[in-house]
Structure formats: C-alpha cells, structure tokens
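The values are calculated or read from the model by the stated rules, or taken from the named source; none is laboratory data. If you're wondering where the values come from, they're calculated on a predicted model, not measured in any experiment. FYI the Cβ positions are ideal-geometry reconstructions off the backbone, even for glycines, and counts take in every protein chain you see.
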C-alpha cells in the first residue's frame, strides 16, 4: 500500500523505504512470476536470501511452529535481517499472484556498500522492528479474548480480497495458536451480540468490540 492508497487516519503497514531500496537491488535480482500458494524460505542450503516483492502480496510465517506473523503487499523487501550472523529461518507464501525478485543477502550487502546505502537500510529495518514490536507482538500477558480482539482488528485491516479467502477462525489460530474450540466460541458470542458481522466464517465488518469478554 502506498501513501496515496491510504485512507485518512490509516496506519501505514509497509516500509516507506522499501521502494527506494528495491530500485537499487532490482537490476541485480532474478525476476520470477509466481502463482498464489508458492513458498519461499529465507535460508536455502545455508545461504541467506533476499526477496523483492515487486507486485502482489505475501504471508510471513515462523518456521518453528508455522505461526502467521504478518502479511505484506508490494512494494516490500525481506531478508535484510539476515545480513548478520543471527539468522531468521522463517518463510513466506504468496497469497496472490506475485512478481518477485530474488538475490542473495550477500549480494544485497555488497550493493549497499557500493552505493553507501546503510542509512537507508537502517531506517528500513527500524521501521520493521518498530512495527513488529508495537503491532504484531502482544504486550504483557493477554487473555485469549484480548488476543482474538487484537487479531480481529488486524484482520479488518487486511485487503478485502484476502479477507474473502480466509476464515476469521483460521486467521486467528494461525497467528495465536489458540484452540479452535475456544476461538469459535468467542467468535460465535461476538457475532450473536452484534459486535461483528460474518458470513461463512469470513469477517465482513466490525461494529464495536468490547474491551473485555
């Protein structure tokens, strides 16, 4: 989502620095047109990989437990965190047809050195870490309802085409690892109380979510 696509008061989800970095990296990347449902790992045979999401959207997962961490739309850039020796061995899947540029993180690092882009890289990474801390990671020890409430609000911010393909129950469980029965019970109560509108398990609208359950 670009700044021109955002409604007044909306929170920018993608890094405002991604497109500028992509401009430098794209000439050195191998471009691929891929369909929905393809998987890409950040580590391949011990080599850290860098991915340029030039068109389309992806869903980012933690490899250790397949937890959904976030979604992202083009333009987006992933893999730069692996420029250090602390490797993030996660993966992403395409949630719509995509055009993706691929190069190694070592190649990206050399380009950053040659073009003296470390300031821009730092701002990009700080934006991503700030979003991870403030929007994705739960604060304190939330209750099951607080986790569900947070994820319903996050789901409502996703593109309508994405919400039309995923049930609220699956989205919440993929991002929280809560039990299916517990999630379904709370969703049923919220729907019965008129707090949310759902059709065939898909979230259509949030009217007003109570702070406590």
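Quick rundown of the values:
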| quantity | calculated |
| --- | --- |
| Selection status of residue 113, part of a strand (DSSP E or B) and either modelled with pLDDT of 95 or more or closer than 28 Å to residue 176 by Cβ (or both) | no |
| Residues within segment 146-171 that are assigned to a helix (DSSP H, G or I), over 22 Å from residue 182 (Cα atoms) and free of Cβ contacts under 8 Å to residues at least 40 places away in the same chain, tallied | 1 |
| The one condition in (1) within 30 Å of residue 29 (Cβ to Cβ); (2) outside any loop (DSSP other than H, G, I, E, B); (3) out of contact with any helix residue (DSSP H, G or I) (no Cβ under 8 Å at 6 or more places or on another chain) that residue 120 fails to fulfil | (3) |
| Residues of segment 79-99 classified as in a loop (DSSP other than H, G, I, E, B) and either loosely packed, with under 15 Cβ neighbours inside 10 Å or touching a residue at least 40 places away in the same chain (Cβ under 8 Å) (or both), total | 10 |
| The one condition in (1) out of contact with any helix residue (DSSP H, G or I) (no Cβ under 7 Å at 6 or more places or on another chain); (2) outside any strand (DSSP E or B); (3) in the same structural domain as residue 25 (by TED's automatic domain parsing) that residue 102 fails to fulfil | (2) |
| Test: residue 184 is over 30 Å from residue 97 (Cα atoms), surrounded by 11 or more Cβ atoms within 10 Å (Cβ to Cβ) and in contact with a helix residue (DSSP H, G or I) (Cβ under 8 Å, 6 or more places away or on another chain) | yes |
| Residues being over 25 Å from residue 65 (Cβ atoms) and either under 16 Å from the mean Cα position of the chain (by Cα) or part of a loop (DSSP other than H, G, I, E, B) (or both) - total across segment 189-208 | 6 |
| Of the criteria (1) over 20 Å from residue 83 (Cβ atoms); (2) in contact with a helix residue (DSSP H, G or I) (Cβ under 9 Å, 6 or more places away or on another chain), which one residue 21 fails | (1) |
| Residue in segment 199-210 that is over 27 Å from residue 58 (Cβ atoms), surrounded by fewer than 16 Cβ atoms within 10 Å (Cβ to Cβ) and in contact with a helix residue (DSSP H, G or I) (Cβ under 9 Å, 6 or more places away or on another chain) present | yes |
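A quick yes/no check of all residues on (1) within 22 Å of the chain's Cα centre (by Cα); (2) at pLDDT below 90:
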site: 117; (1), (2): no, no
site: 128; (1), (2): yes, yes
site: 134; (1), (2): yes, yes
site: 169; (1), (2): yes, no
site: 177; (1), (2): yes, yes
site: 184; (1), (2): no, no
site: 187; (1), (2): no, no
site: 210; (1), (2): no, no
site: 213; (1), (2): no, yes
